[in-house]
1. If I take the Cα coordinates of the chain and project them onto the principal axes, what are the three extents in Å, biggest first?
2. Step by step: find N for the range 215-323, compute 2.2 N^0.38 Å, then divide the Cα radius of gyration by it. What's the final number?
3. Please give the helix 31-45 orientation as an angle from the longest Cα principal axis of the chain, in degrees from 0 to 90, rounded to the nearest 10.
4. Rounded, prolate or oblate: pick one for the range 1-46, where a ≥ b ≥ c are the square roots of the eigenvalues of its C-alpha gyration tensor, a/c under 1.5 means rounded, and failing that, prolate if a/b is larger than b/c, else oblate.
5. Show that you can apply the helix-only estimate: for the chain, add -39,500 (n - 2.57) for every DSSP H stretch of four or more residues, divide by all residues, and state [θ] at 222 nm to the nearest 500.
6. Taking all protein chains as present, what is the carbon and sulfur share of the accessible area of the chain, in % to the nearest whole number, probe 1.4 Å?
7. Show log10 I(q)/I(0) for the range 153-297 at q = 0.09, 0.13, 0.15, 0.18 Å⁻¹, two decimals, from a solvent-free Debye sum over equal Cα scatterers.
8. Tell me which of 319, 228, 299 sits at the most positive position along the dipole axis of the chain, charges placed on C-beta atoms (Lys, Arg +1; Asp, Glu -1).
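The values are calculated or read from the model by the stated rules, or taken from the named source; none is laboratory data. What you see is a predicted model, and the numbers here were worked out from it, not measured in a lab. Ideal geometry is used to build each Cβ from the backbone, glycine not excepted, and the neighbour counts take in all protein chains shown. Keep in mind that these areas ignore ligands, DNA and RNA; they rest on the heavy atoms of the full protein, side chains included. Shrake-Rupley method; radii C 1.70, N 1.55, O 1.52, S 1.80 Å.
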Amino acid sequence: MKPLEPLTPPVDPVEALTRISWLLEQRRESTYRVEAFRRAAQAAARLSADDLRDRASGRSLTTVKGIGKTTADVIGQAVDGRVPDYLARLQDEDPPFPPEGADDLVTAVVGDLHAHTEWSDGGAPITEMASAARALGHDWLAITDHSPRLTVANGLSAERLASQIEAIDEWNSLHGNGFRLLRGIEIDILDDGALDQSDEMIERLDTVTASVHSHLRMDHDAMTTRLVNAVSDPRVHVLGHCTGRRVLSGRGHRPPSTFDARAVFEACAANDTIVEINSRPERVDPPDELIEIALEAGCLFAIDSDAHAPGQLEFKVLGARRAVEHDIDPDRIVTTWSSDRLLEWISR
């Protein structure tokens, strides 16, 4: 994975607006501001290049639904052959997540096993998530929207998941060119360790990331049994954000679930279930002491962004930094593998 390369003239207006939305997402700017640029990009994409130029010169861009004064300025400057001032300012800022000694691993990470789209609780369509992943130098990206039980996140029913699989297959057939989208899911681990999706639908997926989203304060022993049952299921490939903690202060804070980490990670190692290093800044999951236990148990790892928007794919820099701090061999990190190697290993 590489940092986003700055856009240079000539700049496509739609690409400029889209890139601004990504950079704002990386900086955790308000959803309202991000969506203003995303809506403007969608509106501009519906117009021809000549129409955009005519409207820019006639100062009538703001009459187009979805385009406001600021986004009209961006379009006008791009049409004139300039890097828009708004974009230039963001591109000149220091990156929000510098590698801090993890440069080689950041470059080596070429995939992501945990990313959401607007099909569930993400903020962008599959096509834009794919475009952002390619711009960051990825070779592959797993689309892992939520399963049906998580209604608060608009989890996918079997019927909706089937439709998404068709959309992913269609995208791959039209846009592959060395980059691949994987059919995935972030599946809820139910209280007894069962999986929240039909057997038929799970069989149609390339990757399954299993996570706990409910009853996070379950009794220690019951949570241990719950997780061991899930990671021992041969259909589960990744254990997502294993403690469920949120390290924010105030109302956003959530303590970690408690369980026998050694028992869970030994089950992961015995069943070839990958342990996710979740890179979201508010998660930092697993905690450092649990990463060490997983290392000792012989686990494989995935540095995942858990991105809910295109710009958040770069959260993986934070996971790479943690992996370097724990001296994890890059070959034990499956997101440094090619998609062919990963899928061959999964299908063993």
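1. Largest first, the chain extends 68, 44, 42 Å along its Cα principal axes.
2. Scaled against compact globular proteins, the figure is 1.03.
3. With both axes taken from Cα atoms, the answer is about 60 degrees.
4. The shape class here is oblate.
5. After summing the helix terms and dividing by residue count, I get -12500 deg cm²/dmol.
6. Using a 1.4 Å probe with all protein chains present, the chain comes out at 48 percent carbon and sulfur.
7. Debye output, listed in q order: -0.31, -0.62, -0.81, -1.07.
8. 319
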